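**Q** The structure under discussion is supplied below as structure tokens; questions concerning it will follow.
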Protein chains: 6
Amino acid sequence: MALVKLLEYADAPPAVRAVYDDIMRTRGTDRVNNFWKALANDPALLERTWSQVKQVMAPGALDPLVKEMIYIAVSATNGCEYCTYSHTAAARAKGMTEAMWMELMAVVALANATNRLANGLRVPVDPQFL
Amino acid sequence: MALVKLLEYADAPPAVRAVYDDIMRTRGTDRVNNFWKALANDPALLERTWSQVKQVMAPGALDPLVKEMIYIAVSATNGCEYCTYSHTAAARAKGMTEAMWMELMAVVALANATNRLANGLRVPVDPQFL
Amino acid sequence: MALVKLLEYADAPPAVRAVYDDIMRTRGTDRVNNFWKALANDPALLERTWSQVKQVMAPGALDPLVKEMIYIAVSATNGCEYCTYSHTAAARAKGMTEAMWMELMAVVALANATNRLANGLRVPVDPQFL
Amino acid sequence: MALVKLLEYADAPPAVRAVYDDIMRTRGTDRVNNFWKALANDPALLERTWSQVKQVMAPGALDPLVKEMIYIAVSATNGCEYCTYSHTAAARAKGMTEAMWMELMAVVALANATNRLANGLRVPVDPQFL
Amino acid sequence: MALVKLLEYADAPPAVRAVYDDIMRTRGTDRVNNFWKALANDPALLERTWSQVKQVMAPGALDPLVKEMIYIAVSATNGCEYCTYSHTAAARAKGMTEAMWMELMAVVALANATNRLANGLRVPVDPQFL
Amino acid sequence: MALVKLLEYADAPPAVRAVYDDIMRTRGTDRVNNFWKALANDPALLERTWSQVKQVMAPGALDPLVKEMIYIAVSATNGCEYCTYSHTAAARAKGMTEAMWMELMAVVALANATNRLANGLRVPVDPQFL
């Protein structure tokens, strides 16, 4: 038995179905990912989280593909398996090529390395940055 | 006394000066940041790290500004003060507006939140992603 | 072959059996979890760790269920699969309802988000807090 | 010069003032913390974040003080200085004693330790948890 | 006012003084670091933590200097300022040269980089390791 | 379908084969791990990463086995499954005994615990360290 119960559409109360419908409509798909089926155990959490994702990931000052790549960068840094799978798929669907993916990974790796050099050596912030 | 000694140009051996010169030439500046002055205590580490940064952050499949923003995303996730200051400055120098910065932060915050929802609920990866 | 050998009761030396017995007695069960069977490869590490868990997780200024939820919050933040499974089970055994679990996850997600907003924007600590 | 500009009430547009007013009213104070003044550079981010905090941290299945302690556990785990200061202050204001704080810290320390024992030894999840 | 009160020897109860005395005797110094003065707000937490440090960091299957360097590796990875300062000082006192320190940092940086390449690309574990 | 494609020797272009050959020659084996087969999707990333590993992990001011143990410490702290498996195997091949492994884990656990005590209590760095 999994840790969390996944709530299917057929079993979901109206408030959850409304979110599922909006997810499928917004994404142009007839499938709801497990992440949302897990959050649905708390309809208010589901609604708040989806509302955030919908607003934050929409086009704005940054391109949606750039946002997906930032999402991958964070998920790889934190080691989140689920989010790495789902957002890499999402980024590919939005046009991320294998070359872009590898370059993204190279930046993520480098940043994680130099973050620790700066932290471990306790490099003082340059005065012009403060 | 700081933890790490910062090696100034005037005191640096030729191998270190060569890297400092390349940093200043590549970036079109006459200043070398503290990060490099700290790494200079090990000239081979300095040379390898600068060489990586120069290659990875150059234009490629991704735009240099996008790469700087990915760098910020990782640094904010890891809580690296030095890297957050220096790469936010670098991103601004490459054209990141305040609106882009805030939107970047919103994505970073959301990804860090949903990473923990997925990890804490142990959401199984959807079969279509595997 | 797994990375770590799990030491079963039948194969364990007396010092390990004594800890296993105390774990089962304290928890009112006849089963020892894999975590302890892994630590048993170093009886001193097993003994020290169990002794810590027994003292720290006992009733005190905080309620044992609150402590289990704090354990889950840390484990979800760090992405520890084993600890998330075992402490969610422990919290449920101590009375955590699904509503409490979801609310706990919502706080964990929010804290992980705002931690990065504060770190990424380098918000100065308010003087009244220092 | 700090990385982020802090937007004071006097300089804030109406949408930001409305959030500041709600923060002060909800908390019964006449002060708005720097965190909100930093987010105010993006009124939509400010509004969304405050709305989340207001909903998630309100009384529910969990006590508000328990929620503040969970917030501290996450912030200490992530090393967020700002959040550690502000949420420890908030928890104290809601009744957290020094004994409770120390016990909270003991649980956070222990969980961070055992998370790494489980991850480093790759302890297999017990079948009864799956 | 700092977040935590530092308990000085003169103001400490006998149980705390006993630990302070043991720290100073074990380390051959007449100074107790702030870390211990902070933990002293909970004498049981102080005693348990010192007892762990004393046992774990003593000579055993690993050399004490190697242990200090492992401590630095973890502290730099987590971005713990206090621990980075104190354990770098401790490692230097035990013979860590600048060349060793830099090489340690190079390994820490590399491991943090490749950890994210493996996690971000979701590289399957080779069958011979399982 | 896995997230990343693993590039086998038979299908690899000459630049990738040259790195694979160097890996097998350097390590005295006829096998290339999945990690390298994943990076091979970007031959430049593969070459840079292997070159780093070869230089950083070679004998120097620190012993190669000590370096492998530092690698494990970082990987366990970050929760990187792949790296934990592969570097524990590498350390064992270089002579790490079970007793050394357990002691390493004990240091890693302790450091992760005290990092959070220092961060959560915001212990001020002792003046003699600054």
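**Q** With charges set only on the Cβ (+1 for Lys and Arg, -1 for Asp and Glu), what does the dipole of the stretch C:1-56 come to about its Cα centre, in debye to the nearest 20? Provide the component values of the computation, followed by the final result.
**A** Working: 8 positive and 7 negative charges, 32 e Å.
Once rounded to the nearest 20, the dipole reads 160 debye.
**Q** What ranking of C:Glu68, F:Glu98 emerges when the number of other C-beta atoms within 10 Å of each C-beta is taken as an exposure proxy, fewest first? Intermediate results must be reported in sequence, preceding the final value.
**A** On the way: C:Glu68 24, F:Glu98 13.
Listing C:Glu68, F:Glu98 from fewest to most nearby Cβ atoms yields F:Glu98, C:Glu68.
**Q** Something else about it: Quick one: Debye curve from the alpha-carbon atoms of the stretch E:59-122 only, equal weights, vacuum; give me log10 I(q)/I(0) at q = 0.17, 0.21 Å⁻¹ to two decimals.
**A** -0.61, -0.84
**Q** On alpha-carbon atoms, Rg over Rh for chain E using Kirkwood Rh? Please report the intermediate quantities before stating the final value.
**A** Numbers: Rg = 18.4 Å, Rh = 17.1 Å.
That ratio equals 1.08.
**Q** Return a whole-number percent for the relative contact order of chain D, with Cα pairs under 8 Å and 6 or more residues apart as the contact set.
**A** On the way: 67 pairs, mean separation 21.9, N = 130.
The value is 17 percent.
**Q** Using +1 on the beta carbon of Lys and Arg, -1 on that of Asp and Glu, and nothing else charged, what's the dipole of the protein assembly as shown about the Cα centre, debye to 20? Each step should come with its number before you reach the end.
**A** Values: 78 positive and 78 negative charges, 0 e Å.
Result for the protein assembly as shown is approximately 0 debye, rounded to the nearest 20.
**Q** Across the stretch C:82-89, in residue order, what do the Karplus-derived ³J(HN,Hα) couplings come to in whole Hz, using 6.51 cos²θ - 1.76 cosθ + 1.60 with θ = phi - 60° and x for Gly and Pro?
**A** These are the phi-based 3J(HN,Hα) values: 4, 5, 5, 4, 6, 7, 5, 4 Hz.
**Q** Could you line up B:Phe35, A:Phe129 from fewest to most neighbouring Cβ atoms inside 10 Å?
**A** Details: B:Phe35 24, A:Phe129 18.
Ordered from fewest to most neighbouring Cβ atoms within 10 Å, B:Phe35, A:Phe129 come out as A:Phe129, B:Phe35.
**Q** Can you list the copy-to-copy distances for B:Pro127, using a point 7 angstrom from Cα toward Cβ, in nanometres, shortest first?
**A** 2.4, 2.4, 6.3, 6.5, 6.8
**Q** Give me Rg over Rh for the stretch A:1-47, both radii from the alpha carbons and Rh done the Kirkwood way, two decimal places. Walk me through the numbers on the way to the answer.
**A** Working: Rg = 10.1 Å, Rh = 10.7 Å.
Using Cα coordinates only, the ratio equals 0.95.
**Q** Something else about it: Just subtract the alpha-carbon distance of C:Thr26 and C:Ala44 from 0.36 nm times their residue separation and send over the number in nm, one decimal. Show your work: numbers first, answer last.
**A** Values: separation 18, 0.36 × 18 = 6.48 nm, distance 1.92 nm.
Gain on stretching C:Thr26 to C:Ala44: 4.6 nm.
**Q** If we hang a label 7 Å off Cα along the beta carbon direction at D:Ala18, how far is it from the matching labels on the other copies, in nm, shortest first?
**A** Computed spacing set for this position: 2.1, 6.2, 6.2, 6.3, 6.8 nm.
**Q** Does the protein assembly as shown come out rounded, prolate or oblate, given a ≥ b ≥ c as the square roots of the eigenvalues of its C-alpha gyration tensor, rounded meaning a/c under 1.5 and, failing that, prolate meaning a/b above b/c?
**A** Since a/c stays below 1.5, the shape of the protein assembly as shown is classed as rounded.
**Q** A follow-up question, please. Divide by every residue of chain D the summed helix terms, -39500 (n - 2.57) for each DSSP H run of at least 4, and state the resulting mean residue ellipticity at 222 nm, rounded to the nearest 500 deg cm²/dmol. Write down the numbers at each step before the final one.
**A** Numbers: 6 runs with 86 residues, N = 130.
Value at 222 nm, helices only: -21500 deg cm²/dmol.
**Q** Kindly state, to the nearest 0.05, the FRET efficiency for F:Leu130 paired with F:Asp63, given R0 = 25 Å and r defined as their beta-carbon distance. Let's see the in-between values first.
**A** Values: r = 31 Å, r/R0 = 1.25.
Working from the Cβ atoms, E equals 0.20.
**Q** Could I ask something else about it? Mind checking the dipole of chain C: about its Cα centre, +1 per Lys or Arg Cβ, -1 per Asp or Glu Cβ, Debye to the nearest 20?
**A** Details: 13 positive and 13 negative charges, 20 e Å.
That gives a dipole near 100 debye.
**Q** Report, to the nearest 10°, how far helix E:98-121 tilts away from the longest principal axis of the Cα atoms in chain E, using its own Cα long axis and a range of 0 to 90°.
**A** It works out to around 60 degrees.
**Q** Quick one: with label points 7 Å out along Cα→Cβ, list the inter-copy distances for A:Ala99 in nm, shortest first?
**A** Counterpart label points of A:Ala99 in the remaining copies fall at 3.0, 4.3, 5.6, 5.6, 6.6 nm.
**Q** Looking for one value pair here: nearest-to-axis residue in chain F (by Cβ) for the rotation onto A, and the distance in whole angstrom.
**A** F:Gly79, 3
**Q** For each of D:Glu8, B:Glu103, count neighbouring Cβ atoms within 10 Å of the residue's Cβ, then give the residues from fewest to most. Could the numbers behind the result be given before it?
**A** On the way: D:Glu8 12, B:Glu103 23.
Fewest-to-most ranking of D:Glu8, B:Glu103: D:Glu8, B:Glu103.
**Q** Can you tell which of D:Ala58, D:Met69, D:Ala93 lies farthest toward the positive end of the dipole of the stretch D:44-130, using +1 and -1 charges on the Cβ of basic and acidic side chains (Lys, Arg; Asp, Glu)?
**A** D:Ala58
**Q** With θ set to phi - 60°, apply the Karplus curve 6.51 cos²θ - 1.76 cosθ + 1.60 along the stretch C:38-52 and write out the HN-Hα couplings as whole Hz, x wherever there is a Gly or Pro.
**A** Ordered by residue, 3J(HN,Hα) equals 7, 4, 4, 5, 10, x, 5, 5, 4, 5, 4, 5, 4, 4, 5 Hz.
**Q** Same structure again: Could you derive backbone 3J(HN,Hα) for the stretch C:3-20 from the dihedral phi with the Karplus parameters 6.51, -1.76 and 1.60 (θ = phi - 60°), listing whole Hz in sequence and x where the residue is Gly or Pro?
**A** 3J(HN,Hα) across the stretch C:3-20, in whole Hz: 5, 10, 7, 9, 8, 7, 3, 4, 9, 8, x, x, 4, 6, 4, 4, 5, 4.
**Q** Test of understanding: in a Gaussian network model of chain D with alpha carbons linked when under 10 Å, which of D:Gly28, D:Gly79, D:Gly60 would top the mean-square fluctuation ranking?
**A** D:Gly28
Bear in mind these aren't lab numbers, they're just calculated from the coordinates by the rules spelled out. Everything numeric in this text was worked out from a predicted model, so none of it was measured. Virtual Cβ from ideal backbone geometry, glycine too; neighbours counted across all protein chains shown.
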